[in-house]
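Structure record follows, encoded as structure tokens.
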Amino acid sequence: MKISGFTFVRNALKLDYPILEAIHSVLPICNEFIVSVGNSEDGTLELIQAINDPKIKIVETVWDDSLRTGGRVLALETDKAMSAIAKDSDWAVYVQADEVLHEQYLPVLKNAMQQHFDNKHIEGLLLNYKHFYGTYDYLGDSRRWYRQEVRVVRPHLGIRSYKDAQGFRLNDRKLRVAHSQATMFHYGWVKHPKQQQEKLREANRYWHSDEWIDTQFKAEDVFNYEDFDALARFEGTHPSVMTARIAKANWKVDIKLNVKRLSVKERVLRFLEKLIGYRLFEYKNFKLIK
């Protein structure tokens, strides 16, 4: 069974993406790892080259900055990386630049790939998600945070990244997937408030005009982490590859966990979810095969 990993990245240093941690978190189970490196303003290319691992294959790309509809450029860059996967690869593990797989789930994920290897009806594998917010101590605890997403696919079936690269489609339909029982840690909302503001400015360039961005994100401002809907304290352990990054965190956020800024509708749905153990009206970017 041959496993490829793939990701895309641009301006990793400028925007403080944990791209090295992301790559190293899945590298142990991969036979190769494709990194699509976009034209950057910092030393992102040199950063990836310095990994100096024979498994790493770098694809240099130029982003189409004129695309400002629904984050489509992110899906296109994902597809560039996926297109470089070896022709004899059986599975492809996708990790975004701010996602890290805990080492405890490496054997879990690999076992799931082995388990479903011969079942060609299964086109991908589903992972659970933990979304960190503000600091490494807090998790998103509301319906705005997606709970699951496809992060393993069978390459060379014609599968393509969907919309803003959150998930995948095959001939415009949702993938048929099985649950891997692994969990991805998402750190996209954990940065110094100044860097988080800059990241949001940059990210929104693929959805909105410069004029709109300038009105919403002032260059001199910092992100207000106190403007959340509901959070919970994280009680577990972080991936070991995150140890050094977490130790360097040099900002604090005043989080009041008793604060819940939820609409009446959200409160009712939250109550029902806890009562029946099922999330009503949840958007699912896949078709789960039991």
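The values are calculated or read from the model by the stated rules, or taken from the named source; none is laboratory data. Bear in mind that the values here come from a model prediction, so they are computed numbers and not experimental data. Virtual Cβ from ideal backbone geometry, glycine too; neighbours counted across all protein chains shown.
Data overview
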item	result
Selection count, segment 245-290, where residues are out of contact with any His (no Cβ under 6 Å at 6 or more places or on another chain) and outside any helix (DSSP H, G or I)	29
Cross-chain or 6+ apart pairs with Cβ under 7 Å, segment 83-98 first and in the same structural domain as residue 122 (by TED's automatic domain parsing), then among the aromatic types (Phe, Trp, Tyr)	85/6; 90/117; 92/6; 94/6; 97/17; 98/17; 98/187
Criterion: modelled with pLDDT under 80 and surrounded by 12 or more Cβ atoms within 10 Å (Cβ to Cβ) - qualifying residue of 280, 262, 272, 288	272
Residues of segment 219-248 that turn out to be over 16 Å from residue 186 (Cα atoms) and either surrounded by 12 or more Cβ atoms within 10 Å (Cβ to Cβ) or among the hydrophobic types (A, V, I, L, M, F, W, C) (or both), as a count	10
Total residues in segment 140-149, condition in a strand (DSSP E or B) and either of a type in the set (Asp, Glu) or crowded, with 21+ Cβ neighbours inside 10 Å (or both)	2
Breaking point among (1) out of contact with any Pro (no Cβ under 9 Å at 6 or more places or on another chain); (2) modelled with pLDDT under 90; (3) under 30 Å from residue 21 (Cβ atoms), for residue 240	(2)
Residue match in segment 162-177 (condition: among the small types (Gly, Ala, Ser), within 18 Å of the chain's Cα centre (by Cα) and modelled with pLDDT under 95)	yes
